[in-house]
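The values are calculated or read from the model by the stated rules, or taken from the named source; none is laboratory data. For clarity, every value in this text was computed on a predicted model and none was experimentally measured. A quick note on method: Cβ atoms are made from the backbone with ideal geometry, for glycine too, and the neighbour counts reach across all protein chains shown. Heads up: the accessible areas ignore ligands, DNA and RNA and are worked out on the full protein's heavy atoms, side chains in. Shrake-Rupley method; radii C 1.70, N 1.55, O 1.52, S 1.80 Å.
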Amino acid sequence: MLAETTINYPYANLGDTPQAFTAIYQENCNIGIWRQSVPPALVDSLSSAVVDYAFPSLATIVEPEQAKDLILERYSDMTGVEAFADHVALLIDMYCCLFDLNAAGLRLKKLTGAMCPKFHVDHVPCRLVVTYCGVATQWLIEDNIDRTKLGIASAGLTDEQSGICLDHTMIEQMQAGDVALLKGEKWLNNEGRGLVHRSPSAAPDSPRIVMTLDFAR
Ligand SMILES: [Fe+2]
């Protein structure tokens, strides 16, 4: 049932329920965003918990049934880990269910400084991205992209110099707590059409906690 979602832009489906994800199976949908999936209280508690907490990185393949215990063990000494583990496990379960996977490739990372935040496409079928706290992912609607400036064509140039983004005032900005499915180049018949996005730099006093899920098996 798509009645609860709104198609705001070409190639994008935004909604306030997980139903926002189901449109990803439509050929013209490049991104599905479940807005405010993470309860604001969890975003707030993580935002303060991770300022002084190392938050070790995690990169592994996980089955939905193992997800909660994995998070509880890895981040056992983090304030609020129970609610965090519940939410991560929920997303892994949903992702595996939506794409009929037995397991997902999970990456969790704390980002504290400048990155190389250039617009790019992912060479995967469809990646789930959620920023649990800090500044979230930016992306472009199709009408605002010059795809000839992607990748090697922008070598040595910033996004401002390369011309990949036609109007920088029209860059789409996700919020902490939004969960997105980003269709990549390896989705069937999506070569040359993957969602263009970038990962902004984190402020030193406002770390980002980012999770991605990919197809595993
Ligand atoms: Fe990416």
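Leaving ligands, DNA and RNA out of it, report the carbon-plus-sulfur percent of the accessible area of the chain at a 1.4 Å probe.
Carbon and sulfur: 53 percent of the exposed surface of the chain.
Output the peptides 183-192, 132-141 sorted from most to least packed, where packing is the average of other Cβ atoms within 10 Å over each peptide's residues.
Listed from highest to lowest mean packing, they are 132-141, 183-192.
How far is it, in nm, from the label point at R147 to the one at T169 when both lie 7 Å from their Cα along the line to the Cβ?
In this crude label model, R147 to T169 measures out at 2.7 nm.
Which lysines, if any, have their Cα less than 25 Å from the Cα of K109, not counting same-chain residues under 8 positions apart?
List returned: K68, K118, K183, K186.
To the nearest 10 degrees, how steeply does helix 64-74 sit against the main Cα axis of the chain, on a 0 to 90 scale?
For helix 64-74, the angle is close to 70 degrees.
Calculated FRET efficiency, D205 and S57, Cβ-Cβ r, R0 22 Å, to nearest 0.05?
Rounded to the nearest 0.05, the efficiency is 0.60.
Output the antiparallel fraction of DSSP beta bridges having both residues in the chain, as a percent to the nearest 5.
Rounded to the nearest five, the antiparallel share is 90 percent.
On a full-extension model of 0.36 nm per residue, what is the gain between D77 and K109, subtracting their alpha-carbon distance, rounded to one decimal in nm?
Length difference between fully extended and current span is 9.9 nm.
Keeping all protein chains in place, calculate the accessible area per residue for the range 175-217 (probe 1.4 angstrom), answer in Å².
40
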